[in-house]
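Novice: Have a look at this one before I ask anything.
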Amino acid sequence: QELSDEFDVLYNNITSNQAPGLDQYEKSVFLTKAQDEVVKAYFNPRLNKPQEGFDGNEVRQIDFSMIMRTKSYTDFTLATFDNKSNTKKVTLDKDIMMFINEFADVDRDMPDGSIESVRLTVVPLDYREYSRLQSKPFKRPQNYQAWRLLDNSGSSNTAEIIIGPADILKKYSIRYVKRPRAIILSKLDGVTIDGVDTPQECELDPILHHEILQRAVELAKAAYVGDLQSQIALGSASQTNIGAVSQAR
């Protein structure tokens with residue numbers, strides 16, 4: 001209710017009481033879109049005014065601490081694209097928005113015949129880099145690295161973990177930022193946001209709530225005005241630190 005009331009105050013001020021009022025569903029849509037923009041822009045230095053990414057500011061890490069998660073996977077299947085015998089495929093959680101850290105624990109055959117447990121740093125690959133590496137004589141990562149190749153083409157999010165020929169994958173662990181749930185101000189009648197129609201509060205740290213609110217009002221104003229100039233100003237004249245989102249897209 002507090003978000004809804006503050007939205008009305010800011011919206012009426014920014015539009016000089018000329019725009020028609022918005023219902024709870026419309027305000028929820030703008031708040032959810034603003035929340036997504038704030039999260040995405042603050043992880044990409046090119047999309048915000050301070051030009052700082054997630055690791056560029058300790059405050060930024062605190063801002064998103066409430067949607068940070070860790071997860072370990074031990075259930076693997078044979079990879080379908082990279083067909084090396086010990087490359088494995090893992091099904092990931094659907095709410096992963098951005099990876100922060102990744103590790104792979106493997107059992108490694110040592111020259112003396114023993115087996116040693118080793119932790120590898122996982123390096124994400126894009127498809128072009130993967131093709132380049134596969135053209136090399138040695139098509140495997142270095143001793144203390146593993147490669148990760150995403151595949152979201154099916155109904156589930158999967159990744160292929162590529163390790164060295166002397167390694168057997170035992171566990172894949174990640175620290176990630178989850179996609180925040182939709183902000184829904186009240187029970188929705190006949191419509192949903194992200195498949196949900198019941199009230200949901202913002203998951204992000206309260207210090208970001210006013211910035212999300214300000215951005216949502218700016219989005220609502222731009223949608224009401226509807227011309228190109230207002231869309232451009234949505235980034236350059238924003239009262240938030242997002243700044244360059246509209247121009248960068």
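Novice: Identify, by number, the condition in (1) at pLDDT 65 or above; (2) within 19 Å of the chain's Cα centre (by Cα) that residue 190 doesn't meet.
Specialist: In the conditions (1) at pLDDT 65 or above; (2) within 19 Å of the chain's Cα centre (by Cα), residue 190 misses (2) alone.
Novice: Given the options 144, 73, name the one that is closer than 30 Å to residue 40 by Cα and modelled with pLDDT of 85 or more.
Specialist: It is 73.
Novice: Ok, one more. Identify all residues within segment 201-215 that are of a type outside the set (Val, Ile, Thr) and surrounded by 18 or more Cβ atoms within 10 Å (Cβ to Cβ); write none if there are none.
Specialist: 202, 204, 208, 209, 211, 213, 214, 215
Novice: A follow-up question, please. Please go through segment 67-94 and give me each residue that is surrounded by 15 or more Cβ atoms within 10 Å (Cβ to Cβ) and in contact with a helix residue (DSSP H, G or I) (Cβ under 9 Å, 6 or more places away or on another chain), ordered by number.
Specialist: Of everything in segment 67-94, those that are surrounded by 15 or more Cβ atoms within 10 Å (Cβ to Cβ) and in contact with a helix residue (DSSP H, G or I) (Cβ under 9 Å, 6 or more places away or on another chain) turn out to be 67, 82.
Novice: Now, a different point. Here are some residues: 40, 49. Which one is at pLDDT below 90, charged (D, E, K, R), open to solvent by 60 Å² or more (accessible area, probe 1.4 Å) and not in a helix (DSSP H, G or I)?
Specialist: None of the other options fit; the residue is 49.
Novice: Taking strands (runs of 3 or more DSSP E) that fall entirely within segment 126-200, which contain at least 2 residues that are open to solvent by 70 Å² or more (accessible area, probe 1.4 Å) and touching a residue at least 60 places away in the same chain (Cβ under 8 Å)?
Specialist: In segment 126-200, the matching strands (runs of 3 or more DSSP E) lie at 167-178.
Novice: Take residue 85 and tell me if it is under 27 Å from the mean Cα position of the chain (by Cα) and polar (S, T, N, Q).
Specialist: No.
Novice: Has segment 104-116 got any residue that is under 30 Å from residue 66 (Cβ atoms), open to solvent by 30 Å² or more (accessible area, probe 1.4 Å) and of a type outside the set (Ser, Thr, Tyr)?
Specialist: Within segment 104-116 (the criterion being under 30 Å from residue 66 (Cβ atoms), open to solvent by 30 Å² or more (accessible area, probe 1.4 Å) and of a type outside the set (Ser, Thr, Tyr)), the answer is no, since none of the residues qualifies.
Novice: Can you tell me which condition residue 223 does not meet? The list is (1) assigned to a helix (DSSP H, G or I); (2) modelled with pLDDT of 85 or more; (3) small (Gly, Ala, Ser), and all the others hold.
Specialist: (2)
Novice: What are the pairs with Cβ atoms under 6 angstrom where one residue, in segment 1-21, is over 24 Å from residue 199 (Cα atoms) and the other, located anywhere, is among the hydrophobic types (A, V, I, L, M, F, W, C) and at pLDDT 85 or above? Sequence gap at least six, or different chains.
Specialist: 14/217
The values are calculated or read from the model by the stated rules, or taken from the named source; none is laboratory data. Keep in mind it's a predicted model, so treat the numbers as computed, not measured. Every residue, glycine as well, gets a Cβ built from its backbone with ideal geometry; the counts of neighbours run over all protein chains shown. Surface accessibility is based on the protein's heavy atoms, side chains included, excluding ligands, DNA and RNA. Shrake-Rupley method; radii C 1.70, N 1.55, O 1.52, S 1.80 Å.
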